[in-house]
4 protein chains.
Amino acid sequence: MSSTFGKLFTLSTWGESHGGGVGVVVDGCPAGLSLTEADVQAELDRRRPGQSKITTQRAETDTVHFLSGVYEGKTLGTPIAMNVTNKDQRPSAYNEMREIYRPSHADYAYQMKYGIRAVEGGGRSSARETIGRVAAGAIAKKILKTVGIEVIAYVESIHNITLPEQTKIPSMETIESNAVRCPDPEYAQKMFDHIDAIRKDGNSVGGVIRCIIKGCPAGLGEPIFDRMEADLAKAMLSIPACKGFTIGSGFEGTKMLGSEHNDIFESKNGEIHTKTNNAGGTLGGITSGELIDFKAAFKPTATILKKQATVDKAGQAAEVIGKGRHDPCVVPRAVPIVEAMTNLVIIDHWMRQKAQNGTFEF
Amino acid sequence: MSSTFGKLFTLSTWGESHGGGVGVVVDGCPAGLSLTEADVQAELDRRRPGQSKITTQRAETDTVHFLSGVYEGKTLGTPIAMNVTNKDQRPSAYNEMREIYRPSHADYAYQMKYGIRAVEGGGRSSARETIGRVAAGAIAKKILKTVGIEVIAYVESIHNITLPEQTKIPSMETIESNAVRCPDPEYAQKMFDHIDAIRKDGNSVGGVIRCIIKGCPAGLGEPIFDRMEADLAKAMLSIPACKGFTIGSGFEGTKMLGSEHNDIFESKNGEIHTKTNNAGGTLGGITSGELIDFKAAFKPTATILKKQATVDKAGQAAEVIGKGRHDPCVVPRAVPIVEAMTNLVIIDHWMRQKAQNGTFEF
Amino acid sequence: MSSTFGKLFTLSTWGESHGGGVGVVVDGCPAGLSLTEADVQAELDRRRPGQSKITTQRAETDTVHFLSGVYEGKTLGTPIAMNVTNKDQRPSAYNEMREIYRPSHADYAYQMKYGIRAVEGGGRSSARETIGRVAAGAIAKKILKTVGIEVIAYVESIHNITLPEQTKIPSMETIESNAVRCPDPEYAQKMFDHIDAIRKDGNSVGGVIRCIIKGCPAGLGEPIFDRMEADLAKAMLSIPACKGFTIGSGFEGTKMLGSEHNDIFESKNGEIHTKTNNAGGTLGGITSGELIDFKAAFKPTATILKKQATVDKAGQAAEVIGKGRHDPCVVPRAVPIVEAMTNLVIIDHWMRQKAQNGTFEF
Amino acid sequence: MSSTFGKLFTLSTWGESHGGGVGVVVDGCPAGLSLTEADVQAELDRRRPGQSKITTQRAETDTVHFLSGVYEGKTLGTPIAMNVTNKDQRPSAYNEMREIYRPSHADYAYQMKYGIRAVEGGGRSSARETIGRVAAGAIAKKILKTVGIEVIAYVESIHNITLPEQTKIPSMETIESNAVRCPDPEYAQKMFDHIDAIRKDGNSVGGVIRCIIKGCPAGLGEPIFDRMEADLAKAMLSIPACKGFTIGSGFEGTKMLGSEHNDIFESKNGEIHTKTNNAGGTLGGITSGELIDFKAAFKPTATILKKQATVDKAGQAAEVIGKGRHDPCVVPRAVPIVEAMTNLVIIDHWMRQKAQNGTFEF
């Protein structure tokens, strides 16, 4: 069930870049939640192409349709199927790809795995698949809001431009106020200009997204294997182009002494908290009640508008050059995907914890 | 099933630091493999305490017993239960822990999650739990050897001492030739001396482990969620003290241009390979036939022999000081754990790929 | 994941009786299988309403569409999404159902579980859900044919008319030659006439389906919990209206002595077989190479065109009378559903067995 | 994970008839439950051999040990490992079995599946494996008691002696008052005498167990595949020697008209109930609040003390005769196993329902 994620609140995505569209089935959603297509569309609009000149200009509206699971405006508790039709298809643009492997794309690996692949747009490996995740995540987000949990992600770096450490958690409004999704207007502009220059040069860049979870109670996450940080790491590395994950101090923490790294407990307003948060919000795989704080690294887009050497299916030397309409940088559009996957991890663990430890009174 | 890992080749670990021991049940193991307790013991000996003066001096032999699943020296295909008895228990050393939360330990989070916890030795959050993983990994390792796959992990950095990039993959013999498990003798000595100095100071340090998988064919790993890198990330972040995972270029890759980062395909001796390996051996979540190459970050040990402020269960200010016999640095002993988890991920994906795409001929 | 079935070859169904249709996502399908919508439609046509005067007269063509996973006529190995639009909807016919619980329908139980339900047509509890299963089963069937496995189901009894024990396995052609799907023309006519008389009286009847699996090799099925017969039993009892499952001698076997019941091994043409098949094709949960032979009991349709006492949501006494277009007997249309679920169980276990015991050579 | 059962409250059994014992790991158990080995032993004592002259005379005390997961008399929420050592082993009694397949035993099927098998006592296919289930079920039983759910199973028929329909649910005391576990003393004696006569003749018999679940609220069970009756059917058919399952009217219900079979709703003391219970306590796979009422058929024991024809591994004709100490009838000892599996199904569904529909308030 490689296209299914979650244990209790599950999503199963389907669809290729070209063809009958992409979609998702969400199973295990609690019944009785008010839910409209507009709730989901709002998140898809944050993900879709064409939001600014630094994202791909493909003309996709990514309009979602509910096929099941919602009745008279409320969730039924049964599977919620949602789909988005593929609109702006130009299969002829991909004829060359039939024979030639694009560097750092999944074409070659899919061919080796399955002995067949959908050529156009990368087929299943297309980032269009993440539409299903964002749609499912929108439902999780709406539910988590009812218990005071909010996931906030933003761009921390683009290429070699890095936002300085923020003194407070940025608001969603600030983050969404610019096309880069960087909460500092000055850095956002720098990043925007840099991406735009890269775009004009036919090249691409990557960057780092930071994600904060506010309001998450202590006690979520399961030792041993389904630790909160393990499931978050898996969720992040499952996003196309993600190459790294850190929580709390991450790799930097390896350069600290234990006496510097340990987060000292203290009482604040009758609640136990830690003075620092090098742990990033989990202890032993279980949330501690502190902010959950992690980062995900995204590599530069593989498709560039420059000539590159490669080989064809027969192993013969060949050349390839990317053709228009690709994101020079996926990072801004990855922000809502990071949030969606995070909301999905959290709701699943919330339900798991309630099932085990919130049900019986002994 | 939070203590179960894997889809086809599964392990379920059990046990607390103190009490009836720790163990594991391995299910789905192919039948007919020659297997003895000595095969497993060899790996446990790499993990156990007391290997040198820079590891904890607890006197545990960690002797494994097969309880089921092996018959006349061969695996039966049915569950292989293995256990290790707890020997060197000093529960009285933990009386204080009953009331006081140790900074950066899991005590507090377990209490919040379950409303109860095994006090001695951290109970289930103890690194003794990883015995079960190493035992299970030893079986996976033996099977993978029959198809030419080898997992090699080593220490790349300790605190601020970092081994320079190696020009070739270190041999297991070189790595195992010193207590730090660093393949360069000079750096190994520097790291050893540094850990020893930290130990004498009652402090602790962390570090980074690099792991290479040799001989893995193209085609393993499942889009979308069970990508090879996603399952490796989850495996690593499920290890105690792990705070970060990168594959290939990782966070450094975010500072490269697409034109620098892309791995160019070429033909070598009739096989398709890439000139560089920024991807770290996977494309779109599927192995490409290149070396799989990832890193895991481990924070400094939480237990230090210095007085630290904390709170007790009632939230009142308190102090705590670690008492003897803790690793000043877990990284050298984490090497066989990293390898074990990696072997477990690979064998599971091998079996999944064979099940789907190696069974029918159309 | 209550709407997902299978471990390696999985299906996830979605959809309510009314609304955006019903569908299924099949994941884990081997790549490279030639597959067209016509392959699937052929099975759906066996299940759809309106096949004769003894089935419901709802005008549904149940036309299937592939949304993903098939490319240029072959399976990609990625999720195959299929949907069927709901056509003949008469929601106003269900207004009464909003307040009144129909006897022996799922309305009441859904309301108790979820606090909400889709009123029209029983929503998710409608037998329309089984469209997704038949569609998925059609794929499994096509694959299993390539390895010589064939599943044959037929009607063994309707109400109190029971087909005598057959001396040989009926052919699919014989079974499909009549509307009842009973392989004996004489009994088929008797059953047909009886169902038709029951229909005219506004009443309903049930019956028993027998299912035979030919060509299944020894070795499929997993001890302990995922025994072949356990998974078949679950598959059958998951079909609406199924109230019982037996394999081999079933309940009759409890009336035999061990000396009568034991199936004696003998050699036939160099192969080991049993003289009798009281076991029904499995030993210890594992297929033995004999015919797999089981039965499933289906109760009479709950909806009858007679006035029945019941209660409304407030618990007040009420009356209800079924309104037109319901099957007076679901059993003939359940035959392809039984086959589909059986094919799905078999292919999943085939893949599991190959993954564990067909992959490595020791 | 063929030896794992359940989704949230899981058990993984291990062990062969001979060798290091048998055991189970229970994961997902709620924390804070008072639990002692005596709680579990009480149920194991109901299952163990040697309870009377009609059960096998093997001298096994089946003493359970907790290895993990319980601390100071309470469950920790982490895996509970329990084991039972094998005592009365006579491997030499099985030398013949190495070459000869016993009729209707799993020897042959295991050999075909794995290419290897543990000869002594049937290895993994031994009913000793059910010790793990009964141990796990004892925990589930204790938890369910806190919410007023009780599972009661009893012997309804042995061979051709059938207890008449009972007018009320038998008490556990009545059932346990005799060695057969039949609630009517007169029928119990008849059955006992019959089994004893069969035993003296070296033959074996089977029978039917009926199981009632009291106090189960409406709303448990998941459409579509994880219906309550589907999971109960799987649970029953996973027990050695079980060949059939019916719920409510079962196969008899196929002989009723819809107008006879439908269970009419009515109000009783302000609660909605049904006048009859042909459904057996579920509607659409979901519990309705009525008694859950099902039956399981058990075939005669395969081992008989009579000479039977068979073949050896080479396919050559051979003879075999069972040697001492086997149950002439497994049904009385299967009663606690049926109860255990039922308690395990119910607690898992209870937790699933709470997780989805008992957690959020919209």
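The values are calculated or read from the model by the stated rules, or taken from the named source; none is laboratory data. Here the structure is a predicted model, which means the values were calculated and not measured. Using ideal geometry, Cβ is built from the backbone for each residue, glycine included, and neighbour counts are taken over all protein chains shown. Accessible surface areas use protein heavy atoms only, side chains included; no ligands, DNA or RNA. Shrake-Rupley method; radii C 1.70, N 1.55, O 1.52, S 1.80 Å.
Exactly one of (1) under 30 Å from C:GLY358 (Cβ atoms); (2) at the interface with chain D (Cβ under 8 Å from one of its Cβ atoms); (3) aromatic (Phe, Trp, Tyr) is unmet by C:PHE294. Its number?
(2)
In the list C:ASN343, C:ASN278, which residue meets the criterion of being closer than 27 Å to C:THR162 by Cβ and free of Cβ contacts under 8 Å to residues at least 60 places away in the same chain?
Details: C:ASN343 fails: free of Cβ contacts under 8 Å to residues at least 60 places away in the same chain.
Every option except C:ASN278 fails the conditions.
This table checks each residue for (1) touching a His at 6+ places or on another chain (Cβ under 6 Å); (2) open to solvent by less than 40 Å² (accessible area, probe 1.4 Å); (3) of a type in the set (D, E, K, R).
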residue: A:CYS211; (1), (2), (3): no, yes, no
residue: A:ALA218; (1), (2), (3): no, yes, no
residue: A:PHE225; (1), (2), (3): no, yes, no
residue: A:GLU229; (1), (2), (3): no, yes, yes
residue: A:ILE247; (1), (2), (3): no, yes, no
residue: A:PHE265; (1), (2), (3): no, yes, no
residue: A:ASN269; (1), (2), (3): no, no, no
residue: A:THR274; (1), (2), (3): no, yes, no
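Given (1) in a strand (DSSP E or B); (2) more than 24 Å from D:THR167 (Cα to Cα), where does D:GLU266 come up short, assuming only one miss?
Answer for D:GLU266: the failing condition is (2).
Would a scan of the range D:110-124 turn up a residue that is closer than 30 Å to C:GLU266 by Cα and β-branched (Val, Ile, Thr)? Quick ask: steps written out before the conclusion?
As a first pass, look at the range D:110-124 and keep what is closer than 30 Å to C:GLU266 by Cα: D:110-124.
This time we only want the ones that are β-branched (Val, Ile, Thr), so: D:116, D:119.
Yes - at least one qualifying residue is present in the range D:110-124.
Any idea which of D:ARG98, D:ARG124, D:ARG102 is crowded, with 24+ Cβ neighbours inside 10 Å and of a type in the set (D, E, K, R)?
Working: D:ARG98 fails: crowded, with 24+ Cβ neighbours inside 10 Å; D:ARG102 fails: crowded, with 24+ Cβ neighbours inside 10 Å.
Just a single option satisfies the conditions, and that option is D:ARG124.
Considering the range D:171-181 alone, what residues qualify as being without any contact (Cβ under 8 Å) to a residue 60 or more places away in the chain and either of a type in the set (S, T, N, Q) or buried (at least 19 other Cβ atoms within 10 Å of the Cβ) (or both)?
At the first step, the residues of the range D:171-181 found to be without any contact (Cβ under 8 Å) to a residue 60 or more places away in the chain are D:171-174, D:177-178.
Once the filter is applied, which keeps residues that are without any contact (Cβ under 8 Å) to a residue 60 or more places away in the chain and either of a type in the set (S, T, N, Q) or buried (at least 19 other Cβ atoms within 10 Å of the Cβ) (or both), the range D:171-181 yields D:SER171, D:THR174, D:SER177, D:ASN178.
Collect the residues in the range C:22-50 that are assigned to a loop (DSSP other than H, G, I, E, B) and either in contact with a Gly (Cβ under 8 Å, 6 or more places away or on another chain) or at the interface with chain A (Cβ under 9 Å from one of its Cβ atoms) (or both), keeping them in residue-number order.
First, pick out the residues of the range C:22-50 that are assigned to a loop (DSSP other than H, G, I, E, B): C:28-33, C:35-36, C:48-50.
Hits for the range C:22-50 are C:GLY28, C:CYS29, C:PRO30, C:ALA31, C:GLY32, C:LEU35, C:THR36.
Identify, please: which residue in the range B:249-263 is in contact with a His (Cβ under 7 Å, 6 or more places away or on another chain) and touching a residue at least 12 places away in the same chain (Cβ under 8 Å) and is, among those, least open to solvent (accessible area, probe 1.4 Å)?
Applying the filter and picking the extreme gives B:GLY253.
What is the number of the single condition among (1) assigned to a loop (DSSP other than H, G, I, E, B); (2) without any contact (Cβ under 8 Å) to a residue 40 or more places away in the chain that D:GLN356 does not meet?
The single condition D:GLN356 does not satisfy is (1).
Taking B:PRO79 as the residue in question, decide whether it is within 23 Å of D:CYS29 (Cα to Cα), away from chain A (no Cβ under 14 Å) and surrounded by 20 or more Cβ atoms within 10 Å (Cβ to Cβ).
Values: within 23 Å of D:CYS29 (Cα to Cα): yes; away from chain A (no Cβ under 14 Å): yes; surrounded by 20 or more Cβ atoms within 10 Å (Cβ to Cβ): yes.
Considered against the rule, which asks whether it is within 23 Å of D:CYS29 (Cα to Cα), away from chain A (no Cβ under 14 Å) and surrounded by 20 or more Cβ atoms within 10 Å (Cβ to Cβ), B:PRO79 comes out as yes.
State all residues of the range A:139-162 that are crowded, with 22+ Cβ neighbours inside 10 Å, closer than 28 Å to A:MET191 by Cβ and either of a type in the set (A, V, I, L, M) or more than 14 Å from chain B (Cβ to nearest Cβ) (or both); if no residue qualifies, say none.
If the condition is that a residue be crowded, with 22+ Cβ neighbours inside 10 Å, closer than 28 Å to A:MET191 by Cβ and either of a type in the set (A, V, I, L, M) or more than 14 Å from chain B (Cβ to nearest Cβ) (or both), then A:LYS141, A:VAL151, A:ALA153, A:TYR154, A:VAL155, A:ILE158 are the ones that fit.
Considering each residue of the range A:295-315, count those that are open to solvent by less than 30 Å² (accessible area, probe 1.4 Å) and out of contact with any helix residue (DSSP H, G or I) (no Cβ under 6 Å at 6 or more places or on another chain), and give that number.
The total comes to 6.
Just the residues that are of a type outside the set (Val, Ile, Thr) and over 25 Å from B:GLY250 (Cα atoms), please, taken from the range A:277-306.
Within the range A:277-306, A:SER288, A:GLY289, A:GLU290 meet the criteria.
Counting only residues that are touching a Lys or Arg at 6+ places or on another chain (Cβ under 8 Å) and under 12 Å from D:ALA188 (Cα atoms), how many does the range D:163-177 have? Before the answer, list the steps.
First, the residues of the range D:163-177 that are touching a Lys or Arg at 6+ places or on another chain (Cβ under 8 Å): D:169, D:175-176.
From the residues that got through so far, the ones that are under 12 Å from D:ALA188 (Cα atoms) too are D:175-176.
Residues in the range D:163-177 being touching a Lys or Arg at 6+ places or on another chain (Cβ under 8 Å) and under 12 Å from D:ALA188 (Cα atoms): 2 in total.
With respect to the numbered conditions (1) touching a strand residue (DSSP E or B) at 6+ places or on another chain (Cβ under 8 Å); (2) farther than 26 Å from B:HIS159 by Cα; (3) among the hydrophobic types (A, V, I, L, M, F, W, C); (4) without any contact (Cβ under 8 Å) to a residue 60 or more places away in the chain, which one is the sole condition not fulfilled by A:ILE212?
Condition (4) is where A:ILE212 drops out.
Anything in the range B:330-340 that is more than 9 Å from chain A (Cβ to nearest Cβ) and either without any contact (Cβ under 8 Å) to a residue 60 or more places away in the chain or touching a Gly at 6+ places or on another chain (Cβ under 7 Å) (or both)? List them, or say none. Break it down into steps so the answer makes sense when it comes.
Quick first cut of the range B:330-340, residues more than 9 Å from chain A (Cβ to nearest Cβ) only: B:330, B:332-340.
Correct list: B:GLU339, B:ALA340.
Specify the residue that is surrounded by the most Cβ atoms within 10 Å (Cβ to Cβ); the eligible residues are those in the range B:107-121 that are closer than 18 Å to A:GLY358 by Cα and among the small types (Gly, Ala, Ser).
B:ALA109
Just wondering, is there one or more residues in the range A:221-243 that are out of contact with any helix residue (DSSP H, G or I) (no Cβ under 7 Å at 6 or more places or on another chain), touching a residue at least 12 places away in the same chain (Cβ under 8 Å) and of a type in the set (Ser, Thr, Tyr)?
no
Quick one: D:ARG133 ticks every box in (1) in contact (Cβ under 8 Å) with a residue 60 or more places away in the chain; (2) part of a loop (DSSP other than H, G, I, E, B); (3) touching a helix residue (DSSP H, G or I) at 6+ places or on another chain (Cβ under 7 Å); (4) within 9 Å of another protein chain (Cβ to nearest Cβ) except a single one, so which number is it?
(2)
Can you name every residue in the range B:316-353 that is open to solvent by 10 Å² or more (accessible area, probe 1.4 Å) and either aromatic (Phe, Trp, Tyr) or part of a loop (DSSP other than H, G, I, E, B) (or both)?
Answer for the range B:316-353, where residues must be open to solvent by 10 Å² or more (accessible area, probe 1.4 Å) and either aromatic (Phe, Trp, Tyr) or part of a loop (DSSP other than H, G, I, E, B) (or both): B:GLN316, B:GLY322, B:LYS323, B:GLY324, B:ARG325, B:HIS326, B:ASP327, B:VAL330, B:TRP350.
Mind listing whichever residues of the range D:299-308 are at the interface with chain C (Cβ under 9 Å from one of its Cβ atoms) and out of contact with any strand residue (DSSP E or B) (no Cβ under 6 Å at 6 or more places or on another chain)? Give the derivation first.
Here is the first cut: in the range D:299-308, the residues at the interface with chain C (Cβ under 9 Å from one of its Cβ atoms) are D:299-304, D:306, D:308.
Listed by number, the residues that qualify are D:THR301, D:ALA302, D:THR303, D:ILE304, D:LYS306.
Identify the residue in the range A:2-19 that is β-branched (Val, Ile, Thr) and at the interface with chain B (Cβ under 9 Å from one of its Cβ atoms) and, among all such residues, is surrounded by the most Cβ atoms within 10 Å (Cβ to Cβ). Can you show your working first?
Looking only at the range A:2-19, we keep the residues that are β-branched (Val, Ile, Thr), and these are A:4, A:10, A:13.
After this cut, where a residue has to be at the interface with chain B (Cβ under 9 Å from one of its Cβ atoms) as well, the list is A:4, A:13.
Numbers: A:THR4: 23, A:THR13: 30.
Here the residue is A:THR13.
Taking B:ARG117, is it over 30 Å from B:ILE80 (Cα atoms), of a type outside the set (Gly, Ala, Ser) and not in a helix (DSSP H, G or I)?
Details: over 30 Å from B:ILE80 (Cα atoms): no; of a type outside the set (Gly, Ala, Ser): yes; not in a helix (DSSP H, G or I): yes.
Considered against the rule, which asks whether it is over 30 Å from B:ILE80 (Cα atoms), of a type outside the set (Gly, Ala, Ser) and not in a helix (DSSP H, G or I), B:ARG117 comes out as no.
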